[in-house]
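A.B. asks: This is the structure I have questions about; it appears just below.
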Amino acid sequence: MADKAKGKQRKVTVSCQFCLTLNRVDIGRVNHSPKCGSCGKPILLDRPVRVTDDDFQQVIKGAEVPVMVDFYADWCAPCKVMAPVLDEFAHAHIGEVLVAKLNTDMNPRVAQQYGIRGIPTMIVFKNGEEAARRTGAVPREDLEKLLASA
Ligand SMILES: [Zn+2]
């Protein structure tokens, strides 16, 4: 285990966006183009991954890196403003942070569990626990600060 801690391996659990099967992948090795163990399609980690009521706990608890979750809804204009900022953030932190998006309308259980009152809300999870939170559309620098404060 000591060797593993020193190595670059950073495992995360994410669901395949095509078949929804949960996959365990090493995001420290994204250049190796991980593929879904079930359908064989690529697992794309340079952009936010979708999380749902069903897989949320497995994703945040299964990540060996911080997870930033964007709680959003399709009708929310500030959420649309945040979307490209989060895409950029995910791309910049590839291999270091797992960026995930949760649609609060389709996944009310998780939204209620974390007391989401305004959207967008970004929460950083570390070791499965909430470590930092920010509500409202914010510039990229504020996401960096949020991550640093977690
Ligand atoms: Zn798949």
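A.B. asks: Of all residues in the stretch 7-29, which are more than 10 Å from the ligand (Cβ to nearest atom), assigned to a loop (DSSP other than H, G, I, E, B) and under 15 Å from the mean Cα position of the chain (by Cα)?
C.D. replies: Arg10
A.B. asks: Quick one: which strands (runs of 3 or more DSSP E) lie wholly within the stretch 30-130 and hold at least 2 residues that are aromatic (Phe, Trp, Tyr)?
C.D. replies: Where strands (runs of 3 or more DSSP E) fall fully within the stretch 30-130 and carry at least 2 residues being aromatic (Phe, Trp, Tyr), they are 67-72.
A.B. asks: Which ones in the stretch 30-52 are farther than 22 Å from Asp87 by Cα and away from the ligand (no atom under 16 Å from the Cβ)?
C.D. replies: Matches in the stretch 30-52: none.
A.B. asks: Test Val110 against the criterion of being within 25 Å of Cys19 (Cβ to Cβ), surrounded by 17 or more Cβ atoms within 10 Å (Cβ to Cβ), within 12 Å of the chain's Cα centre (by Cα) and at pLDDT 95 or above, and give yes or no.
C.D. replies: No.
Condition check ((1) at positive phi; (2) touching a residue at least 60 places away in the same chain (Cβ under 8 Å); (3) not acidic (Asp, Glu)) across all residues:
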| site | (1), (2), (3) |
| --- | --- |
| Pro78 | no, no, yes |
| Glu88 | no, no, no |
| Asn103 | no, no, yes |
| Val110 | no, no, yes |
| Glu129 | no, no, no |
| Ala137 | no, no, yes |
| Arg140 | no, no, yes |
| Leu146 | no, yes, yes |
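A.B. asks: A further question on this structure: Answer yes or no as to whether Ala73 is of a type outside the set (S, T, N, Q) and in contact (Cβ under 8 Å) with a residue 40 or more places away in the chain.
C.D. replies: The answer is yes for Ala73.
One line per residue, one yes/no per condition, for (1) closer than 27 Å to Asp26 by Cα; (2) within 11 Å of the chain's Cα centre (by Cα):
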{"residue": "Pro48", "(1), (2)": "yes, yes"}
{"residue": "Asp55", "(1), (2)": "yes, no"}
{"residue": "Met68", "(1), (2)": "yes, yes"}
{"residue": "Asp74", "(1), (2)": "no, no"}
{"residue": "His91", "(1), (2)": "yes, no"}
{"residue": "Leu98", "(1), (2)": "yes, yes"}
{"residue": "Tyr114", "(1), (2)": "no, no"}
{"residue": "Met122", "(1), (2)": "yes, yes"}
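A.B. asks: Only residues in the stretch 40-54 that are of a type in the set (Lys, Arg) count as the first member; pair them with residues that are in a loop (DSSP other than H, G, I, E, B), Cβ under 7 angstrom, at least 6 apart or cross-chain, and list the lot.
C.D. replies: Lys41/Cys16; Lys41/Phe18; Arg50/Gln17
A.B. asks: Continuing with this model, one more query. Can you tell me which residue among Asp3, Asp26, Asp74, Asp46 is at pLDDT 95 or above and among the acidic types (Asp, Glu)?
C.D. replies: Going through Asp3, Asp26, Asp74, Asp46 in turn, the sole match is Asp74.
The values are calculated or read from the model by the stated rules, or taken from the named source; none is laboratory data. Given the structure is predicted, the values throughout are model-derived calculations rather than measurements. All Cβ positions, even for glycine, are placed from backbone atoms using ideal geometry, and neighbour counts span all protein chains on display.
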